[in-house]
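Trainee: Let me begin by handing over the structure; questions about it come next.
Read-outs throughout are calculated quantities, based only on the coordinates presented, and are distinct from any laboratory measurement. These figures come from a predicted structure and were not determined experimentally. Reconstructed Cβ throughout: ideal geometry from the backbone, glycine too, with neighbour counts over all protein chains shown.
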């Protein structure tokens, strides 16, 4: 609750640019094109790679519009006239900006490992009932334009946009889920505020968004497997993939085993070999007790590898090599393991490899599988 209050307080403190700063051209444009509209607020964002920007909110009979201006040959011109990018609820709206150097804690990250450090090139449009923000949307400058930073459709809920993710937060429940952005247009001109998902459930069935798939321990060895059994462990979900350990990899159900997911009739497991050496591998699903479920891997996104790297089946231990993955290779990302590793499928010379590479090395999205 305290962190939410701090965020909203920072927003309120940064609001209220003097309307006297509004250039005459902006006022003329609004008066000529939207007679009868009420001016709600005006804000200037200075110093982007395309110069300074003037942002205006106007409203008439339930419709709110965002007018964006920038200087061209000494004149302020309107480059975006848009109603979809901002909230449309009945409460009064304001504009605000976080100043350069302000560090804000992301609500879902109590350890403050992913703070947002403002460079001043951002703005928020939000509505308020006089006591708290009801709806809000924020944009920040990236590359050559403003892109979505975060939003809320209802008080107490917030969706953060970070890298290629939507992160859903509820004040009563904390982080409630994530989604991959995929082909969702997050540019200022392409964002439709009312169509943005409010929860992980809203992501289902939308082609431009991908449910977030992360590898987490679903079951440990307790009450998961029949005792006193041994299963061969394969390098992929099928007997055609071969086995690690010089073709002899095997796991006993009496030993330490973690289940991370499934692929058809196969289970992705993590098991100890000796000391600090562990291994991810695949065993048949009939090893599980009948009543124990295992969720399938389901991300299926294609990326290009940024630089040469090693594929491993032991990312949390010695990180021994399965094969080399060259820069420029196309890989299918299936899930994340924490923040540092991603589980991929990679084809090379007629052979398919399953394993982990650093997630920082795949940044060029090629499409969805």
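Trainee: With r as the distance between the Cβ atoms of residue 255 and residue 330 and R0 = 45 Å, compute the FRET efficiency 1/(1 + (r/R0)^6) and round to 0.05.
Mentor: On the way: r = 36 Å, r/R0 = 0.81.
Efficiency computed from Cβ-Cβ geometry: 0.80.
Trainee: Using 7 Å Cα-to-Cβ label points, what is the residue 31/residue 50 separation (nm, one decimal)?
Mentor: 2.7
Trainee: If R0 is 45 Å, what FRET efficiency do you get for residue 198 and residue 60 from their C-beta distance, rounded to 0.05? Don't skip to the end; give the middle numbers.
Mentor: Details: r = 27 Å, r/R0 = 0.59.
That pair, residue 198 with residue 60, gives E of 0.95.
Trainee: Still on this model: Residues of region 248-269 with backbone nitrogen within less than 20 Å of a virtual label 7 Å along the Cα-to-Cβ line of residue 316, please, listed as ranges.
Mentor: Residues 250-263, 267-269 qualify, since their backbone N sits under 20 Å from the label point.
Trainee: Kindly put 141, 354 in sequence by how many other C-beta atoms sit within 10 Å of each C-beta, fewest to most.
Mentor: Values: 141 21, 354 25.
In increasing order of surrounding Cβ atoms, one gets 141, 354.
Trainee: Here's another thing I want to ask about it. In cubic angstrom, how much convex hull volume per residue do the alpha carbon atoms of region 301-368 span?
Mentor: Measuring per residue, one finds 76 Å³ for the Cα hull of region 301-368.
Trainee: Please identify which residues in region 312-336 have an amide N closer than 15 Å to a label point set 7 Å out from the Cα of residue 165, following the Cα→Cβ vector.
Mentor: Backbone N within reach: 334-336.
Trainee: Quick one, can you get me the convex hull of the C-alpha atoms of region 2-211 expressed as volume per residue in Å³?
Mentor: Working: hull volume 26.3 nm³, N = 210.
About 125 Å³ per residue, rounded to a whole number.
Trainee: Put a dot 7 Å past each Cα toward the Cβ at residue 131 and residue 365; how far apart are the dots in nm?
Mentor: 3.9
Trainee: So, in nm, how far is label residue 142 from label residue 103 when the simple model puts each one 7 Å beyond its Cα toward the Cβ?
Mentor: Simple spin-label model gives 2.2 nm for this pair.
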